[in-house]
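One structure is given below, encoded as structure tokens.
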Amino acid sequence: QVQLVESGGGLVQPGGSLRLSCVASGINFSYYTVGWYRQAPGKQRELVADISSGRPPNYPSSIEGRFTISRDYAKNAVDLQMNSLKPEDTAVYYCNAKFSTRDFWGQGTQVTVSS
């Protein structure tokens with residue numbers, strides 16, 4: 001049984017930082033393209049970062065260099081370091097793993113940026 005479990009979300013003030021982690025069981029993350037997505041109320045789910053073998057990590061321009069995605073091979077995890085957080089970063093953040101026809105999602109973790 002494949003499970004992706006996200007953690008690290010919470011409430012943070014504008015300008016603060018959070019580190020999200022997605023730990024996989026049942027699959028070897030090394031073979032997968034792993035992405036972090038987010039969905040704010042009333043908006044579509046959007047990619048914030050992904051990582052795949054053989055290419056640099058990918059970030060949309062809207063992230064503006066504030067987030068960093070990385071692999072933790074020992075933990076079979078992918079982390080997302082988020083700095084300089086803004087209120088508009090408030091959303092549920094989801095982890096996704098893709099390989100060929102296999103596509104898995106985590107349950108999400110809430111990130112709220114507010115003073």
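Top mean-square fluctuation among 92, 78, 34, Gaussian network model of the chain, C-alpha springs under 10 Å? Between 92, 78, 34, it is 92 that shows the largest mean-square fluctuation.
Taking all protein chains together and rolling a 1.4 Å probe, residue 75 ends up with roughly 130 Å² accessible.
For the chain, the residue among 101, 2, 14 whose Cα projects farthest onto the positive side of the dipole built from Cβ charges is 101.
Full extension of the chain segment joining residue 27 with residue 55 gains 8.0 nm, where the gain is 0.36 nm per residue of separation less the Cα-Cα distance. When 19, 55, 38 are compared by accessible surface with a 1.4 Å probe, the order from highest to lowest is 19, 55, 38.
The 1.4 Å probe gives accessible areas that order 6, 46, largest first, as 46, 6.
By the Stokes-Einstein formula, at 0.692 mPa s and 37 °C, the chain with its Kirkwood radius over alpha-carbon pairs has D equal to 232 µm²/s. Based on Cα contacts under 8 Å between residues 6+ apart, the chain shows a relative contact order of 37 percent.
Note on the chain: dipole from Cβ charges, positive end direction compared against 61, 87, 42; the farthest Cα belongs to 61. Residue 37 sits with roughly 40 Å² accessible to a 1.4 Å probe, with DNA, RNA and ligands left out of the calculation. In a simple Cβ point-charge model (Lys, Arg +1; Asp, Glu -1; nothing else charged), the chain has a dipole of about 120 debye relative to its Cα centre.
The values are calculated or read from the model by the stated rules, or taken from the named source; none is laboratory data. Predicted model, so just to flag it, every value in this text is computed and none were measured. Cβ coordinates were reconstructed from backbone atoms using ideal geometry, including for glycine residues, and neighbour counts include every protein chain displayed. Please note that ligands, DNA and RNA were not included when accessible areas were found on the heavy atoms of the full protein model with its side chains. Shrake-Rupley method; radii C 1.70, N 1.55, O 1.52, S 1.80 Å.
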